[in-house]
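Take a look at the structure below.
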Amino acid sequence: QVQLVESGGGLVQAGDSLRLSCVASGRTFSSVPFGWFRQAPGKEREFVAAINRSGSVTNYADSVKGRFTISRDNAKNTVYLQMNSLKPEDTAVYYCAGRQYYYIRTRPSDYDYWGQGTQVTVSS
């Protein structure tokens, strides 16, 4: 079992940056691939980014490619999502998620562990 706690959300203006953090406890951190997802009001939860166990492989949704960067620090049991050039359409609750198996995936149903979410609001 893995427990995840996100932080770093907030209210920013378009063009600003934020860094989200996700601290994990429980199962050995370095054995878990992670993803970031987001969910806006009235919409389904959608994939944002994912990273493999070592941090050598990443994957991004087209809507954030070139603006967001996912990374991890296995010594600190922490996954990050650096978000630059934020847009109003990035407004959502952002969730950190981990999965039991080796490969990174983009569907929420492929993830086994979830944090409580952190709100990101981008004003125009």
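The values are calculated or read from the model by the stated rules, or taken from the named source; none is laboratory data. Note that the coordinates shown come from a computational prediction; the quantities given were computed from them, not determined experimentally. No Cβ is skipped: glycine too gets one built from the backbone with ideal geometry, and neighbour counts run over all protein chains shown. Ligands, DNA and RNA are excluded from the accessible area calculation, which covers all protein heavy atoms including side chains. Shrake-Rupley method; radii C 1.70, N 1.55, O 1.52, S 1.80 Å.
Here are a few things to note about the model shown:
- Cα gyration tensor category, rounded, prolate or oblate, for the chain with a/c compared to 1.5: prolate
- Once all protein chains are placed together, Cys22 keeps about 0 Å² accessible to a 1.4 angstrom probe.
- Of the accessible area of the chain, computed with a 1.4 Å probe over protein heavy atoms only, carbon and sulfur atoms account for 45 percent.
- Using the Cβ of Ser124 as centre and a radius below 13 Å, the other residues enclosed give a net charge of -2, where K and R count +1 and D and E count -1.
- Using C-alpha pairs under 8 Å with a sequence gap of at least 6, the mean separation divided by the residue count of the chain gives a relative contact order of 37 percent.
- Shape class of the range 43-112 from the Cα gyration tensor (axes a ≥ b ≥ c, square roots of the eigenvalues): oblate, since a/c reaches 1.5 or more and a/b does not exceed b/c.
- Within the same chain, lysines fewer than 8 places from Lys65 are excluded, and of the rest, those with a Cα less than 18 Å from its Cα are Lys87.
- Local electrostatic count at Asn74 - Lys and Arg +1, Asp and Glu -1, tallied over other residues with Cβ under 15 Å: +3
- If only the Cβ of Lys and Arg carry +1 and only the Cβ of Asp and Glu carry -1, the dipole of the range 44-124 around its Cα centre is close to 240 debye.
- Top positive-direction residue, dipole computed over the chain with Cβ charges, set Gly10, Leu81, Thr118: Leu81
- Computed accessible area, Ser109, all protein chains, 1.4 angstrom probe, square angstrom: 100
- Probing with 1.4 Å while keeping every protein chain in the model, the per residue accessible area of the range 29-124 equals 49 Å².
- Positive contributions from Lys and Arg (+1) and negative ones from Asp and Glu (-1), summed over other residues with Cβ under 12 Å from the Cβ of Ser30, come out at +3.
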